[in-house]
Every structure is written in structure tokens, then in C-alpha cells.
Amino acid sequence: MKINVHYSNQHLDELYFTGKTTVVIDILRASTVIVTALANGAKEVIPVSTVDFAMKVSGNAFSGQTLLCGERNTKKIEGFVLGNSPLEFSHEVVNGKSIIHYTTNGSKAVVKAKFSENLFVACFHNLPAVAKHLVELNKDVEILCAGSNGNFNLEDTVCAGKLVSEILFLKEDAEIGDAGRAAMILLKTLGKNLLKMMKETEHGKLLIENGFSADLKVCSEYGITNIIPYFISGALKKLDVPGIHSETIASKDGEKS
Ligand code: MLT
């Protein structure tokens with residue numbers, strides 16, 4: 001089992017992923033939102049790479065059952081129902097709904113990796129469950145950090161380092177490429193306090209500046225669900241694996257679904 005980490009998808013084209021097993025990470029905040037939405041009962045999350053396409057998909061979809069969600073420069077897009085704060089994706093709001101999801105980096109990374117044989121989404125919430133499932137699959141893995149506008153970012157790389165270390169804990173002979181080893185070194189330095197690490201990143205600071213500091217706390221919660229989003233027929237759905245139980249995530253008002 002060989003693990004390759006990519007700090008962004010800039011240098012890769014869609015065909016690179018053909019037949020691969022890929023895990024997309026966009027900790028602040030797209031991958032956290034996807035996991036939260038599915039944990040709180042959303043039927044599916046449909047990732048899109050342009051706002052125009054998001055509008056088109058929502059126009060074609062059965063009205064009332066879809067929610068147009070996402071952000072531009074961290075803020076809700078005009079005409080969209082929700083932005084990209086995990087706190088907006090409560091059970092009350094998303095249960096039974098198809099979420100059409102456009103974000104600056106995260107949704108685009110999922111779309112880029114769409115030809116993967118297996119495509120999963122990870123954040124800190126579901127990291128131990130994803131690691132366990134990958135070890136059970138026992139295939140080579142591409143960990144794709146969404147990064148920031150085509151570049152490396154610290155928060156996704158630290159999360160990738162944590163996923164690599166969880167895999168190694170379960171399978172000590174897994175082969176780790178140089179980028180994955182570097183991610184683990186960063187994890188060692190910055191991973192003791194995930195919230196503090198995220199507050200000090202460029203995107204973390206921008207989110208705080210724009211009024212989303214509560215999101216950082218949510219995004220730093222570790223191992224709180226076994227939900228694994230899995231890409232199939234154009235949408236991310238809950239992976240149905242025996243032994244993986246769907247747990248719930250608290251919503252804004254502290255309710256559990
Ligand atoms: C992204 O895809 O870049 C994000 O998730 C941005 C954000 O929500 O702030």
C-alpha cells in the first residue's frame with residue numbers, strides 16, 4: 001500500500017486519477033461541510049466547479065429538494081441558500097436534501113478527482129474512520145489537499161499528515177512518499193493543538209476576519225463521526241460499510257439528528 005500526498009491539484013489533470021483511490025481534504029471548510037451535511041441527514045452533496053453549473057443543476061433539479069450552497073471569498077454567493085459554514089448545515093436544514101456545493105477550492109478538487117475508482121472526502125471529524133477504511137481496502141492511495149488557489153496550505157497538509165499517521169498506526173508497512181513524510185513532520189510540529197494551528201493559517205485568519213471564527217472550532221473537532229462521503233454517479237453519498245455506523249454531529253443549537 002503506497003500513499004502519495006499532493007499539496008494541491010494544480011499540477012494534476014483529471015486523467016491522473018483514473019482508476020485511483022483518492023481522498024480529498026479541504027479542512028477550512030469544504031470537506032468539513034460535506035461530512036457535516038451527510039452526518040446531519042443530507043441525501044447527497046453534488047460538488048460543482050463553477051457557479052453557472054451550480055445554477056444549471058439546481059434549475060434542473062426537483063424544487064424544494066435541493067439546496068444551492070457554497071462560498072466565494074468565504075462568503076455566501078448571491079442567490080444561494082446557504083454559504084459554506086458547517087454550522088449552517090444542521091439536521092433541520094439539510095435532512096433529506098440534495099446539496100449542490102460550489103466552493104473556491106474544495107468542490108473543484110472533488111470534481112477534478114471524479115475519475116477515481118474510489119473517491120472519498122476526509123476532514124478531522126471522520127479521519128480515523130477514513131484511515132480504517134483505506135487500510136481495509138488495501139489499495140494505493142492519493143491524498144489530495146484542495147490547497148488554496150492552486151497552492152499549498154498548512155491546514156490541509158497537517159490533516160494529510162494526520163491521515164498518513166493514522167494509516168501507519170494501523171498498517172506499519174504502508175509506503176509513504178516524500179510529500180507524505182513532510183506532511184507528518186508538519187503534523188508533529190503543528191498538530192498538537194489543531195484549533196491553534198488553524199487560527200494561525202492564512203485562510204484561518206481570513207475566516208476570523210470575516211466573522212467565521214466559530215467555524216474553526218467546529219473544523220478542529222477530531223474523530224466525532226464515522227461518516228465517509230463516497231463519490232458515485234456525480235454525487236457524494238454516505239458510504240455504506242458494515243461496521244461503519246452513521247453517527248451524528250451537533251448542529252448550531254446543540255441538537256443531534
Ligand atoms: C474552499 O473550497 O476554498 C473553501 O472551503 C473556502 C471556505 O469555505 O472558506
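Normalised by the number of residues in the chain, what is the relative contact order in percent for Cα pairs under 8 Å and 6+ residues apart? Could you put the intermediate results ahead of the total?
Working: 554 pairs, mean separation 81.6, N = 257.
Worked out over the chain, it gives 32 percent.
Skip the ligands, DNA and RNA, and give the accessible area per residue of the chain with a 1.4 Å probe, whole Å².
Details: 11280 Å² over 257 residues.
Ligands and nucleic acids excluded, the figure is 44 Å² per residue.
Among Ile25, Ile77, Ile208, the largest mean-square fluctuation in a Gaussian network model of the chain (Cα springs under 10 Å) belongs to Ile208.
Most fluctuating residue of Phe169, Phe17, Phe89 in a GNM of the chain with Cα springs under 10 Å: which is it? The residue with the greatest mean-square fluctuation here is Phe169.
For the chain, the alpha carbon positions stretch 49, 37, 36 Å along the principal axes, listed from largest to smallest. Short-range pairs are left out: with C-alpha atoms under 8 Å and at least six residues apart, the relative contact order of segment 105-176 is 39 percent. Working from label points 7 Å from Cα in the Cα-to-Cβ sense, the Asp13 to Phe169 distance is 4.0 nm. Springs between Cα atoms under 10 Å define the GNM used for the chain, and in it the highest mean-square fluctuation of Ala122, Ala182, Ala160 occurs at Ala182. Could you pull out the longest piece of the chain with no exposed loop GluC sites (Glu not before Pro) in it, calling a site exposed if DSSP puts it outside H, G, I, E, B and it has at most 10 other Cβ atoms within 10 Å? Longest stretch, sites excluded: 79-171.
Can you show me the helix-derived [θ] at 222 nm for the chain, built from DSSP H runs with n ≥ 4 at -39,500 (n - 2.57) apiece and divided by the number of residues, rounded to the nearest 500. The partial results should precede the final answer.
Working: 10 runs with 93 residues, N = 257.
It lands at -10500 deg cm²/dmol.
Taking the protein heavy atoms of the chain in the context of the full set of protein chains, the accessible area attributed to carbon and sulfur is 51 percent at 1.4 Å.
Computed from label points 7 Å out along Cα-Cβ, the spacing between Lys199 and Asn138 is 4.5 nm. Which of the three applies to segment 52-120, rounded, prolate or oblate, going by the alpha-carbon gyration tensor with a ≥ b ≥ c and a/c under 1.5 meaning rounded? Rounded, since a/c falls under 1.5. Using r as the Cβ-Cβ distance of Asn73 and Asn95, and R0 as 41 Å, what FRET efficiency do you calculate, to the nearest 0.05? Using R0 = 41 Å, I get an efficiency of 0.90.
Once you keep just the Cα pairs under 8 angstrom separated by 6 or more residues, what percentage relative contact order results for segment 55-107?
Details: 67 pairs, mean separation 20.3, N = 53.
Averaging sequence separation for qualifying contacts and normalising by length gives 38 percent for segment 55-107.
Rounded to the nearest 10 degrees, the inclination of helix 127-137 to the longest alpha-carbon principal axis of the chain is 60 degrees. With distances taken between every two different alpha-carbon atoms, segment 1-127 has a Kirkwood hydrodynamic radius of 14.8 Å. With both labels modelled 7 Å from their Cα along Cα-to-Cβ, the Phe53 to Thr189 distance reads 3.6 nm. So what's the net charge close to Leu12: Lys and Arg +1, Asp and Glu -1, counting the other residues with Cβ under 14 Å from its Cβ? Residues near Leu12 contribute +1 overall.
The values are calculated or read from the model by the stated rules, or taken from the named source; none is laboratory data. Owing to the predicted nature of the structure, the values given are computational and were not obtained by experimental measurement. So basically every Cβ, Gly included, is an ideal-geometry build from the backbone, and we count neighbours across all protein chains shown. Only protein heavy atoms, including side chains, enter the accessible area calculation; ligands, DNA and RNA are left aside. Shrake-Rupley method; radii C 1.70, N 1.55, O 1.52, S 1.80 Å.
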